[in-house]
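Trainee: Right, I'll just put the structure down here and ask away after.
The values are calculated or read from the model by the stated rules, or taken from the named source; none is laboratory data. In this text, all values refer to a predicted model and were calculated from it rather than measured experimentally. Counting neighbours? That spans all protein chains shown, and the Cβs are built from the backbone with ideal geometry, glycine included.
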Amino acid sequence: MDRRTFMQKSAVSMATLQLGGIIALSPKTEATEIQLLQAEKTLAQNIKSVEKVPSVCLNCSTVCGMNVLVKDGKILGVEGNPLDPNSQGKLCAKAHGGVAAVDYPERIVYPLKRVGKRGDGLWQRISMDEAYAMIATRIKKNLDAGEPEKVALHFGRNKMGDITNRFMNAIGSPVILNHRGLCSSNKRAANYTTIGDTSWETVDAVNCKYFLNFGSNFFETHQGGLPLLKRFVKARNNGAKLVTFDVRLSNTAGRSDEWFAPFPSTEGAVALAMAHVIVKKGLYDENFIKEWSNTSLEEIQIFLKPYTPQYASKLSGIDEKDIIRIATEFASCAPACAAFTNRGSQAHQNGLNNDRAVIMLNALVGSIGQKGGYTFGGSKNKGNTSFPMPKPIPPKPGFTTDLEDPRLYPLANKWQKMRVSHLVFDKLKNTNQKLDVYLSYTISAPQTWPEGPTLTVETLKDEEMIGFHACSDVVYSEMAHYADLILPDATYFERYTLEGRNAYELVPYFALRQPAVNPPYDCENFADTLIKIAKRLGKPVAQYFDFDSYEEFIKLRLDTLPRREGLSGFEYMKKYGVWVEDKEKNYESYNKVLSPEKLKDSFIKDGIIYSKKGKAIGIMQNGVAKRGFKTPSRKFEIYSSTISQTAKALQIKDDGFPHFEMPKSLKEISEHEFVLTTFKWNVHTQARTAPQKYLSEIIHDNPVWINTTTAKKLKIKNGDIVEITSYRPKSGFRASLHNEVVGSMKIKAFVTQGIHPKVVAVSNSLGMNYGGRVPKASNGRKKETIGFSAYEDLDLRGNIWWDKSKGGTGNGFNPNTLIPINPAPLVGMQAWNDTICTIHKV
């Protein structure tokens, strides 16, 4: 038997090895043909007896459909669900690595009550009934006092907004907090102000000929990245071109046809210069601008006049000839071309207008809503319209507070509840706003927030600011450590949720996440926890929870769907996992003619068509009633009255056009200062993946990236230890404290040509203090801590080879020690990529 055949056969043997079984793996051992044939037979038998449970991954926000492979109540692995129209049967490493969360040895499986000082890590195991009572008693006290707003619910990757919103509305508190302001609110606001229909575009990638990418690393971490990447590969096979602008040589940049590293925050200037070229050369779509732009060609020309390629080149460092060439190439592929964005362009003080400028390129060349262009195919609505909520439905509170609806950032909640939650801990510390009950769910703010390891931790530890903190989580996370009560959460393999994502096939769809296995011990879906607490609160709260479980709640909603194959909506979804609407692809939806039924009892005012209730539903175009865009003008908005009026009310200078203005700190950067940026890996998502051993084995170290030329000037060599010191910005939040030190960190240097000379970069998702042996990169026996599961994993006793005590690199660093809270104007998006720092060799 040759070596290749032996390795193939050995793989079969390993796959069929039962738990506790023994296999010889010495160099001279070779299995006999009979043994290998028997192994193949056993494998075939095992596969036949495996149950496939359709569900949805939640190791990132792309939420790909998957089939969970289960045998004898144990998860063997996952595979893609081919019925999912987005991922089409494909999964990434995160999906496969996520299985490790189920049997993680340091998983919390019992409720724990704090018995020492908050943050001391001393706990007592209690029953779930005691836990429910602790929470309900405290909430009831606030309700009786007429202070429901002193109860807050703060979540990370929730996916159960139907029940969390219901709970908070039922108790009368508006203080629902999330993490969207840390993630993507500038990008979403840019789409809403220009298109109105969507917060997140869906490029018709498979038919696209030219991808113009401003700051998206969709090969690794873009929301909807896998479906986009899958279709991009097909497009590239058909001759499509990818041009990427990113300060760092990401995996997407490295696989692009051309990569340019602009100075941070100048993406908008480059996009405006390209728009200038397109208009000057007459490469624009005259019909789209005439019919569907709220701004005339003359107004566009006047606006773009100062944004020349020379202007953009001076700011960005990109050669003006390249700007002219790329703009021309892009327009020549219209309408099968798309300019799109993500964190690289939006995570700045000027990120909203950066992204508006990029989106405008699509409008100028007429690719909006076109085949191969900048499209927007939404998921099937998961809200009241598509799946009616069980009645009675609690009314929303008739008031807001500055915690969840900050007055200085009025666009944060205009279209959807994006919040500015990175301000919450600062507000609790530095204002009179306090919380009596703080419920946190799958959110590790000390790890993932700007100033998380410092200000956030200080606030969480202070019982004057937060009277009582109950945390629901799967592991003993950074957040759980600072709680008064820890609730053992179910993993996404053990619970129900309705899922939806922008549809890359441009046909609405949604999916069902369902339990593949039962949660162990006292672990429970947080939705069920809230239902039980609501019932304990009695009237009037309990009347809105006339169902026994979240499963029943989901069933009530899904059973409003039409029957398919003789099955109820719930039965159909449990069987297939995905529901795809029977509709045509969503091309040029703005140009659709409104039906007589839609126009019934409508009226027209200033060319806008309104329903009987006064809601805008369309626009008159050349005497024809059409749907239009969901903007105030029902057209694509280059000029935004929403932005100009909102800015004026706040005394912020903004004329409503997507103008370019560099953040002050970056504009005035000195020779010895640098811009610190952060980035994400393909195998990690915020803080949730670090405890998953296979993913952390792949990425567990995050040295600071430094340009080769810069390193030479600073006499820094690859592997040297350097110290980074960061400072508060010169504009925006806490500008009066500019140049105050935010934090410092000693870290290993990674010297590379793949980064802008004025930029240094450190990845996130690493450097944890809690969560078990894997995220801490610490070998050894499991500590018999009360509340942990009975599982053990021998890998974690001695096979964490990156443990520093074994000569490894350790568990990395948390860059958020260095990142100041820095919300952008109007929307409040965290300006992750505007941090000024100095760096020197230790």
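Trainee: Within the range 260-272, does at least one residue satisfy the condition of being of a type in the set (D, E, K, R), part of a loop (DSSP other than H, G, I, E, B) and either in contact with a helix residue (DSSP H, G or I) (Cβ under 9 Å, 6 or more places away or on another chain) or surrounded by fewer than 21 Cβ atoms within 10 Å (Cβ to Cβ) (or both)? Give the derivation first.
Mentor: Going through the range 260-272, the residues of a type in the set (D, E, K, R) turn out to be 267.
After this cut, where a residue has to be part of a loop (DSSP other than H, G, I, E, B) as well, the list is none.
Within the range 260-272, none of the residues are of a type in the set (D, E, K, R), part of a loop (DSSP other than H, G, I, E, B) and either in contact with a helix residue (DSSP H, G or I) (Cβ under 9 Å, 6 or more places away or on another chain) or surrounded by fewer than 21 Cβ atoms within 10 Å (Cβ to Cβ) (or both).
Trainee: If you don't mind, there's one more thing I want to ask. Among Lys626, Lys600, Lys555, Lys630, which is the only one that is more than 30 Å from Leu411 (Cα to Cα), at pLDDT 95 or above, surrounded by 15 or more Cβ atoms within 10 Å (Cβ to Cβ) and basic (Lys, Arg)? Lay out the reasoning, then the answer.
Mentor: Values: Lys626 fails: more than 30 Å from Leu411 (Cα to Cα); Lys600 fails: surrounded by 15 or more Cβ atoms within 10 Å (Cβ to Cβ); Lys630 fails: more than 30 Å from Leu411 (Cα to Cα).
Of the residues listed, the single one that is more than 30 Å from Leu411 (Cα to Cα), at pLDDT 95 or above, surrounded by 15 or more Cβ atoms within 10 Å (Cβ to Cβ) and basic (Lys, Arg) is Lys555.
Trainee: Say whether the condition of being over 28 Å from Leu361 (Cβ atoms), of a type in the set (Val, Ile, Thr), in a loop (DSSP other than H, G, I, E, B) and out of contact with any Lys or Arg (no Cβ under 9 Å at 6 or more places or on another chain) is met by at least one residue in the range 687-702. Even if it seems obvious, please write down each step before you answer.
Mentor: Keep residues of the range 687-702 that are over 28 Å from Leu361 (Cβ atoms), which gives 687-702.
Of the ones still in play, those that are also of a type in the set (Val, Ile, Thr) are 689, 698-699.
Then keep just the ones that are in a loop (DSSP other than H, G, I, E, B); that gives 689, 699.
Imposing the further condition that a residue be out of contact with any Lys or Arg (no Cβ under 9 Å at 6 or more places or on another chain) reduces the set to 699.
Taking every residue of the range 687-702 in turn, at least one turns out to be over 28 Å from Leu361 (Cβ atoms), of a type in the set (Val, Ile, Thr), in a loop (DSSP other than H, G, I, E, B) and out of contact with any Lys or Arg (no Cβ under 9 Å at 6 or more places or on another chain).
Trainee: Tell me, which strands (runs of 3 or more DSSP E) wholly within the range 575-640 include 1 or more residues that are without any contact (Cβ under 8 Å) to a residue 60 or more places away in the chain and among the aliphatic types (A, V, I, L, M)? First the steps, then the outcome.
Mentor: Numbers: elements: 578-580, 603-605, 608-610, 616-621, 624-626.
Because the criterion is at least 1 residues that are without any contact (Cβ under 8 Å) to a residue 60 or more places away in the chain and among the aliphatic types (A, V, I, L, M), the strands (runs of 3 or more DSSP E) in the range 575-640 that meet it are 603-605, 608-610, 616-621, 624-626.
Trainee: Modelled with pLDDT of 55 or more, among the polar types (S, T, N, Q) and in a helix (DSSP H, G or I): which single residue out of Thr42, Thr5 fits that description? First the steps, then the outcome.
Mentor: On the way: Thr5 fails: modelled with pLDDT of 55 or more.
The match here is Thr42.
Trainee: Follow-up question, since we're still on this one. Condition test on Asn718, is it buried (at least 22 other Cβ atoms within 10 Å of the Cβ), out of contact with any helix residue (DSSP H, G or I) (no Cβ under 6 Å at 6 or more places or on another chain), among the polar types (S, T, N, Q) and assigned by TED's automatic domain parsing to the domain that holds Thr809? Before you say what the answer is, go through the steps one by one.
Mentor: Numbers: buried (at least 22 other Cβ atoms within 10 Å of the Cβ): no; out of contact with any helix residue (DSSP H, G or I) (no Cβ under 6 Å at 6 or more places or on another chain): yes; among the polar types (S, T, N, Q): yes; assigned by TED's automatic domain parsing to the domain that holds Thr809: yes.
No: the conditions fail for Asn718.
Trainee: Looking at (1) over 21 Å from the mean Cα position of the chain (by Cα); (2) in contact (Cβ under 8 Å) with a residue 60 or more places away in the chain; (3) buried (at least 24 other Cβ atoms within 10 Å of the Cβ), which is the only condition Gly372 fails?
Mentor: Among (1) over 21 Å from the mean Cα position of the chain (by Cα); (2) in contact (Cβ under 8 Å) with a residue 60 or more places away in the chain; (3) buried (at least 24 other Cβ atoms within 10 Å of the Cβ), Gly372 violates only (3).
Trainee: State all residues of the range 167-176 that are of a type outside the set (Gly, Ala, Ser) and surrounded by 22 or more Cβ atoms within 10 Å (Cβ to Cβ); if no residue qualifies, say none.
Mentor: Of all residues in the range 167-176, those of a type outside the set (Gly, Ala, Ser) come to 167-169, 171, 174-176.
Within the range 167-176, Phe167, Met168, Ile171, Val175, Ile176 qualify.
Trainee: A further question follows. Among the listed residues Arg107, Arg157, which satisfies the condition of being within 27 Å of Pro820 (Cα to Cα), at pLDDT below 95 and touching a Cys at 6+ places or on another chain (Cβ under 9 Å)? Break it down into steps so the answer makes sense when it comes.
Mentor: Numbers: Arg107 fails: within 27 Å of Pro820 (Cα to Cα).
Matching residue, one of Arg107, Arg157: Arg157.
Trainee: Go through Asp803, Asp834 for me and flag whichever is assigned by TED's automatic domain parsing to the domain that holds His684, among the acidic types (Asp, Glu) and more than 29 Å from the chain's Cα centre (by Cα). Can you show your working first?
Mentor: Numbers: Asp834 fails: more than 29 Å from the chain's Cα centre (by Cα).
Within the list Asp803, Asp834, the selection yields Asp803.
Trainee: Within the range 433-447, is there a residue that is surrounded by 20 or more Cβ atoms within 10 Å (Cβ to Cβ), in a loop (DSSP other than H, G, I, E, B), in contact with a strand residue (DSSP E or B) (Cβ under 7 Å, 6 or more places away or on another chain) and in contact (Cβ under 8 Å) with a residue 60 or more places away in the chain? Can you show your working first?
Mentor: First pass over the range 433-447, keeping only residues surrounded by 20 or more Cβ atoms within 10 Å (Cβ to Cβ): 435, 437-447.
When the remaining residues are screened for being in a loop (DSSP other than H, G, I, E, B), the result is 442-444.
So of that shortlist, the ones also in contact with a strand residue (DSSP E or B) (Cβ under 7 Å, 6 or more places away or on another chain) come out as 442-443.
The next check asks that each one be in contact (Cβ under 8 Å) with a residue 60 or more places away in the chain; those that pass are 442-443.
Within the range 433-447 (the criterion being surrounded by 20 or more Cβ atoms within 10 Å (Cβ to Cβ), in a loop (DSSP other than H, G, I, E, B), in contact with a strand residue (DSSP E or B) (Cβ under 7 Å, 6 or more places away or on another chain) and in contact (Cβ under 8 Å) with a residue 60 or more places away in the chain), the answer is yes, since at least one residue qualifies.
Trainee: Every residue in the range 719-734 that is within 26 Å of the chain's Cα centre (by Cα) and either part of a loop (DSSP other than H, G, I, E, B) or without any contact (Cβ under 8 Å) to a residue 12 or more places away in the chain (or both), please.
Mentor: Quick first cut of the range 719-734, residues within 26 Å of the chain's Cα centre (by Cα) only: 726, 728-729, 732-733.
Once the filter is applied, which keeps residues that are within 26 Å of the chain's Cα centre (by Cα) and either part of a loop (DSSP other than H, G, I, E, B) or without any contact (Cβ under 8 Å) to a residue 12 or more places away in the chain (or both), the range 719-734 yields Arg728, Pro729, Gly732, Phe733.
Trainee: Now a separate question. Taking the range 249-267 as the region of interest, how many residues are in contact (Cβ under 8 Å) with a residue 24 or more places away in the chain and either in contact with a Ser or Thr (Cβ under 7 Å, 6 or more places away or on another chain) or acidic (Asp, Glu) (or both)? So that I can check it myself, show each step before the final result.
Mentor: Looking only at the range 249-267, we keep the residues that are in contact (Cβ under 8 Å) with a residue 24 or more places away in the chain, and these are 249-256, 258, 260-267.
In the following step, the residues that additionally are either in contact with a Ser or Thr (Cβ under 7 Å, 6 or more places away or on another chain) or acidic (Asp, Glu) (or both) were identified as 252-253, 256, 258, 262-264, 266-267.
Of the residues in the range 249-267, 9 are in contact (Cβ under 8 Å) with a residue 24 or more places away in the chain and either in contact with a Ser or Thr (Cβ under 7 Å, 6 or more places away or on another chain) or acidic (Asp, Glu) (or both).
Trainee: Any idea which residue in the range 301-324 is nearest to His659 (Cα to Cα), counting only those that are part of a helix (DSSP H, G or I) and charged (D, E, K, R)?
Mentor: Taking the range 301-324 as the starting set, the residues that turn out to be part of a helix (DSSP H, G or I) are 301-304, 309-316, 320-324.
Next cut, charged (D, E, K, R) only: 314, 320-322.
Details: Lys314: 16, Glu320: 19, Lys321: 22, Asp322: 21 Å.
Restricting to residues being part of a helix (DSSP H, G or I) and charged (D, E, K, R), the top hit is Lys314.
Trainee: Would you confirm whether or not the range 116-138 contains a residue that is aromatic (Phe, Trp, Tyr) and assigned to a helix (DSSP H, G or I)? Talk me through it step by step, then tell me what you get.
Mentor: Of all residues in the range 116-138, those aromatic (Phe, Trp, Tyr) come to 123, 132.
From what is left, the residues that are assigned to a helix (DSSP H, G or I) are 132.
Looking for residues that are aromatic (Phe, Trp, Tyr) and assigned to a helix (DSSP H, G or I), one finds at least one in the range 116-138, hence yes.
Trainee: Only one of Thr198, Thr194, Thr164 is within 30 Å of Asn413 (Cβ to Cβ) and at pLDDT below 95; which? I'd like the intermediate steps shown before the answer.
Mentor: Details: Thr194 fails: at pLDDT below 95; Thr164 fails: at pLDDT below 95.
Answer to the check: Thr198.
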